[in-house]
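S.K.: Below you will find the structure I want to go over with you.
The values are calculated or read from the model by the stated rules, or taken from the named source; none is laboratory data. Just so you know, these numbers come straight off a predicted model, no measurement behind them. Note: ideal-geometry Cβ built from the backbone for every residue, glycine included; neighbour counts use all protein chains shown. The protein model used for the area step is the full one, side chains on, heavy atoms only, and it has no ligands, DNA or RNA in it. Shrake-Rupley method; radii C 1.70, N 1.55, O 1.52, S 1.80 Å.
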2 protein chains.
Amino acid sequence: MKYDVPYKIFLTEEELPKQWHNVRAVMKELPDPFINPATLQPCTADDLRPVFCDDLIAQELNTTDLYIDIPEEIRDFYRMYRPSPVVRAYNLEKALDTPAKIYYKFEGQNTSGSHKLNSAVAQVYYAKKQGLTHLTTETGAGQWGTALAMACAFYNVDLTVFMVKVSAEQKPHRRAVIQTYGGKVIASPSDTTEVGRKILAENPNTGGSLGCAISEAMELALKTDNCRYVLGSVLNHVLLHQTVIGLEAKTALDKYGVEPDIIIGCAGGGSNLGGLISPFMEGKILNQNDIEFIAVEPASCPSLTRGKYAYDFGDTGKTTPLMRMYTLGSGFIPSPNHAGGLRYHGMSPIVSKLYHDGYITARSVEQTKVFDAAIEFAKTEGTLPAPESSHAIKVAIDEALKCKETGEAKNILFGLTGTGYFDMSAYTAYHDGTMTDYIPTDEDLQKGFDSLPQID
Amino acid sequence: MKYDVPYKIFLTEEELPKQWHNVRAVMKELPDPFINPATLQPCTADDLRPVFCDDLIAQELNTTDLYIDIPEEIRDFYRMYRPSPVVRAYNLEKALDTPAKIYYKFEGQNTSGSHKLNSAVAQVYYAKKQGLTHLTTETGAGQWGTALAMACAFYNVDLTVFMVKVSAEQKPHRRAVIQTYGGKVIASPSDTTEVGRKILAENPNTGGSLGCAISEAMELALKTDNCRYVLGSVLNHVLLHQTVIGLEAKTALDKYGVEPDIIIGCAGGGSNLGGLISPFMEGKILNQNDIEFIAVEPASCPSLTRGKYAYDFGDTGKTTPLMRMYTLGSGFIPSPNHAGGLRYHGMSPIVSKLYHDGYITARSVEQTKVFDAAIEFAKTEGTLPAPESSHAIKVAIDEALKCKETGEAKNILFGLTGTGYFDMSAYTAYHDGTMTDYIPTDEDLQKGFDSLPQID
């Protein structure tokens, strides 16, 4: 073979993971339990049952099984677009003139344009199995809503998507994709829910936030027969499903004897990062490797780098269970001039705990720098990346350039979570020079922190 | 293994074709030669040199070598996104309840969203090798323009794209992708060229056509130093490059002992169809198989099914060499209500000759029926298809349903040339019920035929 490794390392469909990886089973300290805000006691499965599907609740609360079987039906759906490739970025390396070896796990080769489909199909499968006929959800950048619409079309389940208003306006075509798969889209905040009307009364001009949209979707789920709410990130079961990313990546790299020195993922709610690092993190926790894990977040929504590790609600309407996580406060709404996803006020409890305990480091990056990196990547590697994924590209390039200075040939792996085909308004703003950076002031952040519940 | 064949048959990068396939070398009768409209003599390489790159001219005129080497640099670029998978449409088969086995060669997994990149990289490589610094082209649906912009960014060659005005207006995001890769986009007809000004003077409200855009791009190439014109379809060398599609498909199917009974491709200029069928057509010409080849075209632009087999210009401005092909006349401009690509007045001379000699059949389909098929495909197979590709899906479904009636388990292969992510306006029109079908009347067609040159 001409190259050390192929440009794209594909596994066969028989090598698709048969089980998800539950890193909580090896964590030395577990994330703190969810708390029922009414009783201030740890949540039980019964507390969660009105909102979530039963099988997903079992996964959510499972802290003991390191591996959890992937049902055959879900693996069959995965066969339509998985295993996804680990790509060696030969051309980016050449352009950077770095001794580093850069790999990326590419999750964008399906119509949702991202990794979100990995959990969407699982969640809809379990909902269907339970006999549900309707699901509700929120979507920010739109990838989750698209993924869920695809899965709902496949399993013939009705879907209502509350789409963050600023995204619905910026991305009418993303909305049209969801509609093509039969999903109903409502711009959030809306006047279709009590919580939406309340948020609009307080802040009529808001562009919305994931936190608002979650509140509306939960309200509709509770009011609708045979319906549950599903979420695309943050929760333990979502991270669990996303471990197919890390499991495939590890198998692919193991085939060629490649051990990553650095693993980088963008982090909004944490599902991609958590899924990518999970099997590698097991090794780190068990002192079998010394990989540097880097979470990259937007400077405009810096939950890890500037947030507090505290119990908080998952939504603006303060209706979810309380989760201990790095958070900017459920009242924090990022500036509408922030282009991509990664707009969530909090961070997955698993990722938060691993960060708190020193297993993960975090960096925040400004969006114009992110788009600089995105365009360098597009021109050398071909693929036009999603703005979210480009946060990871930015730090991968930074690390590769450090290697150029030191002469180290580190193996860098990052998650390329998706493509930017529905983000061209943001690219156009970048080209036109109308894109600006936004870094919240301490006063801005304090407003969010003021919304934190006083329970600690 | 659980299945006869995997969902997706991937080849390794080492199995990438090392040579393109030149079907003219086995055709019993060759397509008629290009004619220089000034001399009415067959075109020589010297006639073509002011407009086209030297190596491409050599390929254009080569009727004797069955295989032509793919340079290593082009194969390295192909490694970034090829080999592309042959997918078994298990879920579509199930939804149709057909005994037929449906396969599709999927060319949409790159940022151009289509097969167009296969020829773009080759053409830019040869231009760079010749020392050119600037290229011009036209684009209709925008896939070719995107593909060429990607290749030009990679090889650092300047690019000006004349984009059919109706597409530029319907698809601002497609334009933004081209700009992201550094391409300059001009809506055609424009006032930047003599021919554009002339067309605008005659028809100020025209939405443009590929034929107009070609005239403008050729004019700019002739007026610009160190510049040539490149075309994304129709020509022999473009079909040659696209044979990577058919070669990979044949290798993949051969691995599993699958012999197609029917091969279906959408046909605008013919590059996808020609590339897909080339190695299978060799077998048919040599009486080694009896595959049914079906070209599918839009009812609104029916060059094969209602056109004339005649010498015609490739462009509205009547500046190209004359080619003998099925044509509606270079003056034919399809209705702007036609959503997708496949808007070209003529058909590749190779495909035209094979059709004329009875090796290929052709069907025309109406666009609302095409979108019915597209949505059935999206919901069952996951991928949201391009409107162009959906012409082939429509006929593949028709053939699979015939098998259901007869009980035959035919192997159907079609080309899924691309994804519809930049075609959501058309999907929205379909959902809204504002999409209409357009079939030109005989009088409409006569206007186009009146523009044919009188040389036969």
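S.K.: Going 7 Å from the Cα of B:Lys184 in the Cα-to-Cβ direction, what parts of the range A:415-431 have a backbone nitrogen less than 19 Å from that spot?
M.R.: A:431
S.K.: Then there's this: What ranking of A:Asp312, A:Asp47 comes out by heavy-atom accessible area, probe 1.4 Å, highest first?
M.R.: A:Asp47, A:Asp312
S.K.: Size of the dipole of the protein assembly as shown about the Cα centre, Lys and Arg at +1 and Asp and Glu at -1 on the beta carbon, nothing else charged, in debye to 20?
M.R.: Here the size comes out at about 20 debye.
S.K.: Give the distance, in whole Å, between the Cα centre of the range B:273-343 and the Cα centre of the range A:357-414.
M.R.: 45
S.K.: Further question: Amide H to amide H under 5 Å from B:Tyr67: which residues, 5+ apart in sequence or cross-chain, H placed 1.01 Å off N in plane?
M.R.: Result for B:Tyr67 returns B:Asn22.
S.K.: Check which residues have an amide H placed less than 5 Å from A:Met325's amide H, if you skip close sequence neighbours.
M.R.: Result for A:Met325 returns A:Ala310, A:Tyr311, A:Asp312.
S.K.: In addition: Among bridges DSSP assigns within the protein assembly as shown, what percent are antiparallel (round to 5)? Write down the numbers at each step before the final one.
M.R.: Working: 38 of 106 bridges.
Approximately 35 percent, going by the DSSP bridge assignments.
S.K.: With the solvent-accessible surface defined on protein heavy atoms using a 1.4 Å probe, which residues belonging to the range A:105-128 display a reduction of at least 40 Å² in accessible area in the multichain context relative to the isolated chain?
M.R.: Relative to the lone chain, where solvent access is computed with a 1.4 Å probe, the range A:105-128 loses at least 40 Å² at A:Gln109, A:Thr111.
S.K.: Now, a different point. Bin all alpha-carbon pair distances of the range A:1-74 at 10 Å intervals from 0 and give each bin's fraction as a whole percent.
M.R.: Reading upward from the zero bin: 14, 31, 27, 16, 8, 3, 0.
S.K.: Still on this structure, I have one more. Once you have a ≥ b ≥ c as the square roots of the Cα gyration tensor eigenvalues for the range B:341-433, tell me rounded if a/c is under 1.5, and otherwise prolate or oblate according to whether a/b is larger than b/c.
M.R.: Cα axes put the range B:341-433 in the oblate bin.
S.K.: Mind listing P(r) for the protein assembly as shown? All alpha-carbon pairs, 10 Å bins, whole percents.
M.R.: In whole percents, the pair-distance histogram is 2, 13, 23, 25, 19, 12, 5, 2, 0, 0.
S.K.: Still on this model: Amide H neighbours of A:Ile360 under 5 Å, counting only residues 5+ apart in sequence or on other chains, H built in-plane at 1.01 Å?
M.R.: Under 5 Å from the amide H of A:Ile360 lie the amide H atoms of A:Tyr355, each far enough along the sequence or on another chain.
S.K.: If you don't mind, another one. Using a basic spin-label model with each label point 7 Å from the Cα along Cα→Cβ, how many nm lie between B:Gln446 and B:Leu286?
M.R.: Inter-label distance under the simple model: 4.8 nm.
S.K.: Ignoring everything but the protein chains, give the 1.4 Å probe accessible area of B:His115 in square angstrom, nearest 10.
M.R.: Number for this one is 10 Å².
S.K.: Here is a further query. Whole-Hz Karplus ³J(HN,Hα) for the range A:17-24, in order, using 6.51 cos²θ - 1.76 cosθ + 1.60 and θ = phi - 60°, x for Gly and Pro?
M.R.: Here the 3J(HN,Hα) series is x, 9, 9, 7, 10, 10, 5, 4 Hz.
S.K.: What percentage of the solvent-accessible surface of chain A, computed with a 1.4 Å probe over protein heavy atoms, is contributed by carbon and sulfur atoms?
M.R.: 48
S.K.: Nearest 20 debye, what's the magnitude of the dipole of the range B:371-456 about its Cα centre given +1 on Lys and Arg Cβ and -1 on Asp and Glu Cβ?
M.R.: The dipole of the range B:371-456 has a size of about 420 debye.
S.K.: Please state the shape class of the range B:253-345: rounded when a/c is under 1.5, otherwise prolate if a/b exceeds b/c and oblate if not, all from the C-alpha gyration tensor.
M.R.: prolate
S.K.: On to the next question. Distances from B:Glu292 to the same residue in each other copy, label points 7 Å out along Cα→Cβ, in nm, shortest first?
M.R.: 6.2
S.K.: Continuing with the same structure: What is the dipole size for chain B, taken about its Cα centre, with +1 at each Lys and Arg Cβ and -1 at each Asp and Glu Cβ, in debye to the nearest 20?
M.R.: It comes to approximately 640 debye.
S.K.: Counting heavy atoms of the protein chains only and a 1.4 Å probe, report the per residue accessible area for the range B:1-153 as a whole number of Å².
M.R.: For the range B:1-153, the per-residue accessible area is 33 Å².
S.K.: Across every pair of different alpha-carbon atoms, what Kirkwood hydrodynamic radius in Å does the range B:52-111 reach?
M.R.: 15.1
S.K.: A follow-up question, please. State the volume of the convex hull built on the alpha-carbon positions of the range A:182-250, expressed per residue in Å³ and rounded to an integer. Mind showing how you got there, number by number?
M.R.: Numbers: hull volume 9.3 nm³, N = 69.
Looking at the range A:182-250, the number lands at 135 Å³ per residue.
S.K.: If you project the alpha carbons of the range B:1-147 onto the principal axes, what extent comes out on each, in Å, largest first?
M.R.: The principal-axis extents, from largest down, are 61, 37, 31 Å.
S.K.: Further question: How long is the gain from A:Tyr256 to A:His431 if the chain were fully straight, where each residue apart is worth 0.36 nm and the alpha carbon distance is subtracted?
M.R.: So the chain would gain 59.1 nm between A:Tyr256 and A:His431.
S.K.: Using only the alpha carbons, work out the radius of gyration and Dmax of the range B:357-404 in angstrom.
M.R.: Both quantities, over Cα of the range B:357-404: 11.6, 38 Å.
S.K.: When the helices in chain B are scored as -39500 (n - 2.57) per DSSP H run of 4 or longer and the sum is shared across all residues, what 222 nm value do you end up with, to the nearest 500 deg cm²/dmol?
M.R.: For chain B, the value works out to -12500 deg cm²/dmol.
S.K.: If you don't mind, another one. What percentage of all Cα-Cα pairs in the range B:306-372 are separated by more than 18 Å?
M.R.: Working: 940 of 2211 pairs.
Tail of the P(r) past 18 Å holds 43 percent of the pairs.
S.K.: For chain A, rounded, prolate or oblate, judged on the Cα gyration tensor with a ≥ b ≥ c (square roots of eigenvalues), a/c < 1.5 rounded, else prolate if a/b > b/c?
M.R.: Rounded shape, in that the Cα axes give a/c under 1.5.
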